[in-house]
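Notes follow the structure.
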Amino acid sequence: MAKFYAVKKGRKTGIFHTWEQCQAQTKGFPGAIFKSFSSLEEANQFLLEIPTVNENKEKINTPTTSISNYAYIDGSFDKVANIYGSGVVIIDDQNTIKHKFGGDDPELAKMRNVTGEIEAAKFVMTYAYKHNIKDFAIYYDYEGIAAWATGNWKTNLPFTKNYALFAKKIMERINIQFIKVAAHTGVALNEEADKLAKLAIADFSIDNNSLDYLDIHNLITSLEEEINNSQTDISFEKLSFF
């Protein structure tokens, strides 16, 4: 019988398929939290521990991770206009920061809403890096966000290879905890990120030269160039958006 090893606190967090992989993240790690399950659904639920239901059957949507800085991300896609959108909700020391941005690059649009979610993931990683946040959680609903970043999925396309390299570089300095959220299940901040991603498409359709879009696009592009062109640490001196 297959087993799934959920690591909630360790060198890397997420779901692993062998005990050896789990042990590599938890052995000798102070306060490691992990557990084995017979189903992927149970393993995901252990990581999330949300949503729960109160007596009135209303979903309670506050995250239970011990990490105080986290973000919910989502992506959307308009197949008629061929535009992808990203939605981001960041909780930074109880402050809520929201962003939305879209794009219409023909190659990236081939991955539809996945592109939007990857761009959102890169954005929140950039935020955590720039602000020197040592522990950061990312709530996402597309499995590849964590799988590509942690090397559990093979990267076949230039875009996913770029994302995997980007995430690897960021995670050299930050403990990123990936937490999967089932889409459209009433998790409040995830629903907010989804709305922002859809609104990003509408805004982009009206004005793709908006300040919000250009600033964020240039910020991510600048960081990608530094990662690709340098073997040393990343500087954020010229990244002034945040």
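The values are calculated or read from the model by the stated rules, or taken from the named source; none is laboratory data. Since we're looking at a predicted model, the values are computed, not measured. Note: ideal-geometry Cβ built from the backbone for every residue, glycine included; neighbour counts use all protein chains shown.
Residues of the range 84-110 being closer than 14 Å to D74 by Cα and among the hydrophobic types (A, V, I, L, M, F, W, C), which ones? V88, V89, I90, F101 - these are the residues of the range 84-110 that are closer than 14 Å to D74 by Cα and among the hydrophobic types (A, V, I, L, M, F, W, C). Of the residues making up the range 40-83, those that are modelled with pLDDT of 80 or more and among the hydroxyl-bearing types (S, T, Y) are S68, Y70, Y72, S76.
I'd like to check something: does the range 144-166 contain any residue that is of a type outside the set (F, W, Y), more than 28 Å from A202 (Cα to Cα) and buried (at least 23 other Cβ atoms within 10 Å of the Cβ)?
yes
The single condition among (1) surrounded by fewer than 17 Cβ atoms within 10 Å (Cβ to Cβ); (2) at pLDDT 85 or above that E225 does not meet is (2).
Could you pull out the residue among A202, A193, A197, A182 that is part of a helix (DSSP H, G or I), of a type outside the set (K, R) and surrounded by fewer than 22 Cβ atoms within 10 Å (Cβ to Cβ)?
Numbers: A193 fails: surrounded by fewer than 22 Cβ atoms within 10 Å (Cβ to Cβ); A197 fails: surrounded by fewer than 22 Cβ atoms within 10 Å (Cβ to Cβ); A182 fails: part of a helix (DSSP H, G or I).
Just a single option satisfies the conditions, and that option is A202.
Considering the range 205-216, the residues that are surrounded by fewer than 22 Cβ atoms within 10 Å (Cβ to Cβ) and assigned to a helix (DSSP H, G or I) include one that is modelled with the highest pLDDT, namely S205.
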